[in-house]
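Contents: one structure, followed by commentary.
The values are calculated or read from the model by the stated rules, or taken from the named source; none is laboratory data. As the structure is a computational prediction, the values presented were derived from the model and not from experiment. Cβ: placed from backbone, ideal geometry, glycine included. Neighbour counts: every protein chain shown. These accessible areas exclude ligands, DNA and RNA; they are computed on the full protein's heavy atoms, side chains included. Shrake-Rupley method; radii C 1.70, N 1.55, O 1.52, S 1.80 Å.
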Amino acid sequence: NAEEGFLLRPSSSNIIISNIVYNNKYGFALDTVSSSVFRNNTVFDNKIHGFLLDESDFNNFTFNTIQNNSIGIQLRNSDENTIFNNFFNNTINAQINSQNIWNIEKTSGTNIVNGPFLGGNFWSDYTGIDISGDGIGDTNLPYNSNGNIATGGDFLPLVKPTFVDIPFGYWSWREIEIFYRQNITKGCREDEKGLYYCPTDPVTRDQMA
């Protein structure tokens, strides 16, 4: 809880999983680190960076929650890092001056905000819209952290699904069945409490055929 939570100097093939890293100057500081995996770490309330990389290439970051840091992730002269399915909610989410990979191909699977597809990352300041209803943004692409990602960006940013409460007391079972069948194609599914979990707002009752 002083300078760095983790400080890694020239090394490779590290696997760092499921740590809670907070209240440091830098959550993770990587200097000439390569081919390492950072997965399922919670990195928050660090004064400057959640992750800071210098000349560190070919690393993989996934399923990390990075929030309430001044800068979520900064990459200096660090290339070909793969960064997807992370949750970013910071004053500045990313500052990058190099070429990196921010999403994989759209793939079925529960993502970090419980949507139905893996793709890119969740960004708190992404202002695009999910037109197709698949839980992935379709506009304002690629996400580039307001220009702070100098090259490229996230082409498949994640959008939070929404819970929709079906008023069972006012709908017939037939109406409920119609609603469900129309919205299941949008990635909606029912949970154990009878709520429909959808990547975007579903059609309303008045919009049903």
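Label-to-label distance, Asn1 versus Asp79, with points set 7 angstrom from Cα along the beta-carbon direction: 4.1 nm. Computed from phi, the 3J(HN,Hα) profile of the range 78-95 under the Karplus parametrisation 6.51, -1.76, 1.60 (θ = phi - 60°) reads 10, 10, 6, 7, 9, 10, 8, 6, 10, 10, 10, 8, 9, 4, 10, 6, 8, 9 Hz, with x in place of Gly and Pro. Considering only protein heavy atoms and a probe of 1.4 Å, how much of the accessible area of the range 1-73 is carbon and sulfur, as a whole percent? Roughly 47 percent, rounded to a whole number. Computed across the range 49-111, the Kirkwood radius stands at 12.0 Å (inverse of mean 1/r, all Cα pairs).
Modelled spin labels at Asn60 and Asn97, positioned 7 Å past Cα toward Cβ, are 2.9 nm from each other. Simple spin-label estimate for Asn146 and Ile15 gives 3.9 nm between the two label positions (7 Å along the Cα-to-Cβ direction from each Cα).
Both numbers refer to the Cα atoms of the range 9-77; Rg and Dmax are 11.0, 28 Å.
Please compute the alpha carbon radius of gyration of the range 1-136, then divide it by the globular-protein estimate 2.2 N^0.38 Å. Two decimals is fine. Write out the running numbers ahead of the final one.
Values: Rg = 14.3 Å, N = 136, 2.2 N^0.38 = 14.2 Å.
Ratio of Rg to 2.2 N^0.38 Å for the range 1-136: 1.00.
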